[in-house]
1. State the number of residues belonging to segment A:102-122 that are away from chain B (no Cβ under 13 Å) and outside any helix (DSSP H, G or I).
2. Residue B:128 - would you say it is within 20 Å of the chain's Cα centre (by Cα), surrounded by 18 or more Cβ atoms within 10 Å (Cβ to Cβ) and not in a loop (DSSP other than H, G, I, E, B)?
3. Kindly establish whether residue B:652 is within 29 Å of the chain's Cα centre (by Cα), surrounded by 18 or more Cβ atoms within 10 Å (Cβ to Cβ) and either assigned by TED's automatic domain parsing to the domain that holds residue B:533 or part of a helix (DSSP H, G or I) (or both).
4. Exactly one condition in (1) over 20 Å from residue A:53 (Cβ atoms); (2) in contact with a helix residue (DSSP H, G or I) (Cβ under 8 Å, 6 or more places away or on another chain); (3) more than 11 Å from chain A (Cβ to nearest Cβ) is not met by residue B:275; state its number.
5. Restricting to segment B:201-235, what's the tally of residues that are in contact with a strand residue (DSSP E or B) (Cβ under 8 Å, 6 or more places away or on another chain), within 16 Å of residue B:259 (Cα to Cα) and modelled with pLDDT under 80?
6. Determine the pairs where a residue that is in the same structural domain as residue B:686 (by TED's automatic domain parsing), located within segment B:581-593, has a partner that is surrounded by 12 or more Cβ atoms within 10 Å (Cβ to Cβ) and modelled with pLDDT under 80 with Cβ atoms under 6 Å apart, the partner being 6 or more residues away or on another chain.
7. Filter the strands (runs of 3 or more DSSP E) completely within segment A:1-101 down to those with at least 2 residues that are within 13 Å of another protein chain (Cβ to nearest Cβ) and under 22 Å from residue B:303 (Cβ atoms).
8. Of these, B:334, B:320, B:287, which one is away from chain A (no Cβ under 14 Å) and either exposed (fewer than 14 other Cβ atoms within 10 Å of the Cβ) or touching a residue at least 40 places away in the same chain (Cβ under 8 Å) (or both)?
């Protein structure tokens, strides 16, 4: 069965690469460009994994993560947070809020793909 | 037994005298019996005469002896008593040699004692002089410190402060010229009480851990004018304070059991530093965090491109577009950051005042050190002071000279410093080959890299930083060329010209009073405290007229302070007040304040609260105080300040001291007490005279048994009523 991945990031320049990579990996890819859209799509489409950027308009990644984790029906959903801020405090905040992994920009695309695969158990 | 010769003579004389007397009596008796030539009566008469003669002789001898020895001894005792009481007195000569000898012995003793006394007095003088010298040195040191220093006793009363502290902590300018900082004033008007208390707690021995008082405590606070201060507090220990000395930190001997008697505050204004740090933090953050996003995009795109070389051309073009976009964003970002950073570079180079001649001499030295160039002075105006970044300017001059040598082989340059209007012209002159204007421009704009020294700044940057201009010019006919740097001329720094000192003050301003260490809690009832111990605000007002309830207003307040019997002439308030009404010509004739002087001055609504703060915790003193107090009290309700301090009136005190004098005008009293009067009929001038008069009165009052504030007030009241009755 094809795994479904939601990319939530407001920067088209990173979405291009992420979308291309994940499609190449054979995943079904959805894109959301702000926090609210991300939450709506995650609830409606129930993706297997969300790539969640922290700095987004309308609703930031932390809040989206928290809202998703508050929904027991989505417990199986994996969340990988992406951020341009590399502070330790933020990393542990993300993990404490229920993210499964945390990746700081700039990242290696190979590593990211490996991480996504392992989170999805592929 | 050995008898002195005088004793033997005296004994022999007494023996011979008795022998002669007995012989005479016996002779007379025998003469009668043998020839019967004398009757019985005649014989008795003769014997009586002989006896009487002997008595007279004996009396004379005894009187002489009494005068010599008994009276002499008594006189000697008196003289010795006087000698004991007053040094310098000596015992005179005596008829009796023995008493003379005793006198000399006493004189010798007195001589030894006087020498000892002189010695002790000399030592006391020496010790006092050296103490005074140390204090002067301390005061001088404090005055020159770049940090603010304040010393307080445990009550928070200020014992010492320096000029810097005064400048930094004085209230906002618009609140009149009121001083918050002053000897004997409370530090709590400047700093929050709990802040100080908390810092003190950390200083107190035994508080917290066993370590006792460490080097001190730190805190950061904001002043009323919004400046950020970092304060370092250190302890003053009891032992040091009882000697009347300040012992900076109580480290060293038995610091842990010495009780605190006060503290030293060292203050740094970190406002600018803090702002700079904040900017630098923001810069670093924008460089790291701001760079991550674009860099992440570029990396992802680049890796995708290289990993999937088989992608479609339009797909490839999109990825290349991402890389181009993001690289541009990142470049711009870096550029902005670098600009922000170079602004901060400028901030770190403060301008300093420098004598122009010194700059020229240093520049010549520096040019000669870098290259085999002979530097000369072409013209020099020695009176010019400059406000410059001297290091940068020296670098710029030697950079230009080195470049002249490197590129054109110029070995002979000259410096000229002259005045051109309100600007200084600093010229670097040479004769011979020179460049065109474009080349000169690039020299001005290039980073200064020469002789192994590199600087991110250009000559132009340095000149800009000094608020100057630079250009290149040449005179073709004479083959003379020069770089001219125009710089603003600075005022020659005045010797210790800091703040406005009234002329009345003596040699140096008195910013300290260690005797305050000995003072007990401020809360003590003022009434029963000795007059000599109190702090006073002596003030005077000038007004539009004599009738406050009829609408006359204050137009000037002058005040100064007395602490521990010292007039603190540099702690003063001198403020004109806009009365918001017309001045009468008669009043102008008295105080000489014309309406144009009052334009733009603050109104009483601003000045009176400032004055109220100035006289906090002090006793008010004024001449004919009732008049001034009436003006103040009429404003109390509307301005929300109350003058509840005790008030002393030099007019009434003068009447207490000299009840038989007719005149109690300030001039008359001043003349009586030997106070010279200068600058009368300015509020501050009169306040100063009043203060000096008041100080002269204190010992006279003490001689009348008036020692405390209560006694002074009661005596004043009595004369006041006495005067009313007439």
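The values are calculated or read from the model by the stated rules, or taken from the named source; none is laboratory data. This one's a predicted model, so the numbers in the text were calculated from it and none came from an experiment. Ideal geometry is used to build each Cβ from the backbone, glycine not excepted, and the neighbour counts take in all protein chains shown.
1. 3
2. no
3. Here the answer is no, as residue B:652 does not meet what is asked.
4. Only one criterion in (1) over 20 Å from residue A:53 (Cβ atoms); (2) in contact with a helix residue (DSSP H, G or I) (Cβ under 8 Å, 6 or more places away or on another chain); (3) more than 11 Å from chain A (Cβ to nearest Cβ) is unmet by residue B:275, namely (2).
5. Within segment B:201-235, the first condition is being in contact with a strand residue (DSSP E or B) (Cβ under 8 Å, 6 or more places away or on another chain), and the residues that meet it are B:202-205, B:213, B:215-223, B:227-235.
Then keep just the ones that are within 16 Å of residue B:259 (Cα to Cα); that gives B:202-205, B:213, B:215-216, B:233-235.
Next, from what is left, pick out any that are modelled with pLDDT under 80: B:202-205, B:213, B:215-216.
Going through segment B:201-235 one residue at a time, the tally reaches 7.
6. B:591/B:681
7. Values: elements: A:4-8, A:28-32, A:49-53, A:78-83.
Once the strands (runs of 3 or more DSSP E) in segment A:1-101 are filtered for at least 2 residues that are within 13 Å of another protein chain (Cβ to nearest Cβ) and under 22 Å from residue B:303 (Cβ atoms), what remains is A:49-53, A:78-83.
8. Of B:334, B:320, B:287, the one residue that is away from chain A (no Cβ under 14 Å) and either exposed (fewer than 14 other Cβ atoms within 10 Å of the Cβ) or touching a residue at least 40 places away in the same chain (Cβ under 8 Å) (or both) is B:334.
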